[in-house]
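Colleague: Before anything else, here's the structure in question.
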Amino acid sequence: MQTVAVIGTQWGDEGKGKIVDLLAADAAVVVRFQGGNNAAHTLVVGGEKFILRMVPAGALHPGKTCVIGNGMVVDPFALVEEIDRLKKHSQLSDPALLKISYDAHLVMPYHQAIDRAREERLGKRKVGTTGFGIGPAYEDKMARSGLRFADLASPAAFKSRLEYNLKEKNLYLKNVLKAKPVDGRRLLAQIAPMRRRLMPYLADTAALVAGVAAEGRKILFEGAHGTMLDIDHGTYPYVTSSSCLASAVFSGGGLPPGRLDAVLGISKAYTTRVGGGPFPSEIKGALSDRLREEGNEFGSATGRPRRVGWFDAVSARYAARLNGMWGLALTKLDVLTGVNPLRICYAYQIGSKRYDEMPPSCLALDKVRPLYEELPGWDENLGEARSLAELPENARRYLDRIAQLSGVKLAMVGVGAAREAIIILENPFLN
Ligand code: IMP
């Protein structure tokens, strides 16, 4: 297969970075198509840890073209820092290999200020955003008042639109949110150096993606966040502000519909969630603390502790349907070593009604009583396993049951943090 999308099936943090890194080895082009630096893909390469927020994970493979697609909202100052960090570690050495869409929107400091001030005002009802201004930047995009990379081409027009936005946002910050306005003069002074750094990377990325697909070369689409955080199908309003599903590859990446060959869904062997909102299979108490420590479940973007839960097969089936999943990559199976018994949520109970599928509009998820089945655990260390046969029988049974309940075949199983700690059953690019 030539075009593959890697999509989170849970609430983000499924370990997509590791799978993207593996698949990027076979791709000519790696594309991010939604979200911004609210995502953070952590990769361990040669013992060194890299956190990528906006640059696609293909950057860690020499010779790959990395695309920041039109569907993204980009903090340009954070992007300059990310590029510099990668270069310091001898990555991204060829500037021709990073392409930023003219149509991607810019996240400005007033977006961040609004995001944070709103969360503060919401108090207990807050979404628990990353605070990086993602929602307000997408609002401006939809309101047709956002600034895009393309606008940087005309400095005078850019300045005048930025000044207009600044004025409006500062009034809103001061008078409605009762928050500190953004220092406009400082921001305006930062634009020219940022422009000089990023203009050379700008490209018509949608045309590039369509061209590469037409030539039959391999393209990897790197999803961020996860299905349950999707603006349309997630646990609204406790979601992010972009479309996180495979279908966003077309609008946010420029791939012509019909050209996507496979969707690989990524899921942890258990579940995590950062921020507020319903979480039916959440675990409380000592076991959640233990899994959080074992799995290092602290946000890569914000450092916040993640909430931890059992594998939820209802949301897995939902994600499989919404994304038309070809296969499932399960990550972090090793973290469950020593947990006995294991539980899988196979259905929800709300009041007297049982739901085998996601209730419409994810309604009343905060009132769900999860229905669990129990499976025996294992005590062996899994880190060295490179085939299913090398796993303990109970681990294989757990995997079989997850595949069966999710209705999707297993393609990969992660057994540790290192690049090579993975069991590959089927690689979509080699299929
Ligand atoms: P925002 O995307 O910063 O607006 O945050 C909205 C919600 O999405 C919050 O609950 C965040 O914790 C969550 N979120 C956004 N990006 C990620 C991610 O990459 N992993 C996990 N949660 C995320």
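Rule-based calculations on the coordinates, nothing more; no lab input. Keep in mind it's a predicted model, so treat the numbers as computed, not measured. A quick note on method: Cβ atoms are made from the backbone with ideal geometry, for glycine too, and the neighbour counts reach across all protein chains shown.
Colleague: Once the Cα atoms of helix 205-214 and of the chain are each reduced to a long axis, what angle between those two axes, in degrees from 0 to 90 to the nearest 10, is obtained?
Modeller: 50 degrees
Colleague: Work out how much length Asp366 to Leu188 would gain on full extension: take 0.36 nm times their residue separation and subtract the Cα-Cα distance, in nm to one decimal.
Modeller: Between Asp366 and Leu188, full extension yields 59.6 nm more.
Colleague: Now, a different point. What order, most packed first, do the peptides 111-118, 360-367, 342-349 have when packing is the mean number of other Cβ atoms within 10 Å of each residue?
Modeller: Taking the mean over residues of other Cβ atoms within 10 Å, the ranking is 111-118, 342-349, 360-367.
Colleague: Mean-square fluctuation check for the chain, GNM, Cα pairs under 10 Å: which of Asp75, Asp140, Asp13 is largest?
Modeller: Top of the fluctuation ranking is Asp140.
Colleague: Rounded to the nearest 20 Debye, what is the dipole magnitude of region 1-80 about its Cα centre when Lys and Arg each give +1 and Asp and Glu each give -1 at the C-beta?
Modeller: 60 debye
Colleague: How large is Rg over Rh for region 322-414, taking Rg from the Cα atoms and Rh as the Kirkwood inverse mean of 1/r across Cα pairs?
Modeller: 1.02
Colleague: Something else now. Counting only helical runs of four or more DSSP H residues, what would the 222 nm mean residue ellipticity of the chain come to if each run contributes -39,500 (n - 2.57) and the total is spread over all its residues?
Modeller: -9000 deg cm²/dmol
Colleague: While we're here: Considering only C-alpha atoms, what is the centroid distance from region 26-52 to region 255-314, in Å?
Modeller: When both Cα centres are located, 17 Å separates them.
Colleague: If you place +1 on the Cβ of every Lys and Arg and -1 on the Cβ of every Asp and Glu, how big does the dipole about the Cα centre of the chain come out, in debye to the nearest 20?
Modeller: Computed about the Cα centre, the dipole is about 1580 debye.
Colleague: Follow-up question, since we're still on this one. Taking R0 as 56 Å, what FRET efficiency do you get between Glu390 and Lys124 from their Cβ-Cβ distance, rounded to the nearest 0.05?
Modeller: 0.75
Colleague: Give the separation of the Cα centroids, region 192-248 to region 360-431, in Å.
Modeller: That distance is 27 Å.
Colleague: Right, something else. Name the residues of region 349-389 whose amide N is less than 20 Å from a point 7 angstrom out from the Cα of Arg321 along the C-beta direction?
Modeller: Under cut-off, by backbone N: 349-372.
Colleague: In addition: Along the charge dipole of region 273-431, which of Leu391, Val308, Leu375 sits closest to the positive end, that is, farthest toward it, with unit charges on the beta carbon of Lys, Arg, Asp and Glu (+1, +1, -1, -1)?
Modeller: Val308
Colleague: Of Gly414, Gln112, Leu255, which is farthest towards the positive pole of the chain's charge dipole, taken about the Cα centre with +1 and -1 on the beta-carbons of Lys, Arg and Asp, Glu respectively?
Modeller: Gln112
Colleague: Let me ask you something else. Put +1 on the Cβ of each Lys and Arg and -1 on the Cβ of each Asp and Glu in region 105-201; which of Gly135, Val182, Leu147 then has its Cα farthest toward the positive end of the dipole?
Modeller: Positive-end residue among those listed: Val182.
Colleague: With r as the distance between the Cβ atoms of Thr302 and Ser154 and R0 = 56 Å, compute the FRET efficiency 1/(1 + (r/R0)^6) and round to 0.05.
Modeller: 0.95
Colleague: Charges at C-beta only: +1 for Lys and Arg, -1 for Asp and Glu. How large is the resulting dipole of region 98-238 about its Cα centre, in Debye rounded to 20?
Modeller: 680 debye
Colleague: Only Cα pairs under 8 Å and at least 6 apart count here; give the relative contact order of region 286-363 as a rounded whole percent.
Modeller: Relative contact order of region 286-363: 31 percent.
Colleague: Considering amide H positions built from the backbone, and no H for Pro or chain starts, which residues 5 or more places from Gly146, or on another chain, come under 5 Å of its amide H?
Modeller: Placed amide hydrogens put Lys141 under 5 Å from Gly146.
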